[in-house]
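Asker: Please see the structure below; I have some questions.
Bear in mind these aren't lab numbers, they're just calculated from the coordinates by the rules spelled out. Just so we're clear, the structure is a prediction, and the values are computed from it rather than from any experiment. Ideal geometry is used to build each Cβ from the backbone, glycine not excepted, and the neighbour counts take in all protein chains shown.
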Amino acid sequence: MHFSIPETEVRSGENGSSYVAYNIHVNGVLHCRVRYSQLLGLHEQVRLLPHLV
């Protein structure tokens, strides 16, 4: 499985503020768009997992 973030885009939030959305591709196909805060939350969860060797 290949994950990539080949592009970003500026989007508008519900309150009118803008944010950067990261386009997550899996095996070359767009899977989802997420905010940085969501990526950071995922990173923090994965860091707590036991390392697989």
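Asker: Could you give the length gained by full extension between VAL29 and HIS51, i.e. 0.36 nm per residue of separation minus their alpha carbon distance, to one decimal place?
Answerer: Answer, rounded to one decimal: 5.1 nm.
Asker: Another question, then. How much mean residue ellipticity at 222 nm does the chain get from its helices, if each DSSP H run of length 4 or more adds -39500 (n - 2.57) and you divide by all residues, to the nearest 500 deg cm²/dmol?
Answerer: Value at 222 nm, helices only, nearest 500: -7000 deg cm²/dmol.
Asker: If you don't mind, another one. For the pair PHE3 and TYR22, how long in nm is the line joining their label points, each one 7 Å along Cα→Cβ?
Answerer: Going by the 7 Å Cα→Cβ label model, 0.9 nm.
Asker: Then there is this: Using the Karplus curve 6.51 cos²θ - 1.76 cosθ + 1.60 with θ = phi - 60°, work out ³J(HN,Hα) for each residue of segment 25-35 in order, rounded to whole Hz, and write x for Gly and Pro.
Answerer: For segment 25-35, the Karplus curve yields 10, 10, 6, x, 10, 4, 9, 6, 10, 9, 7 Hz.
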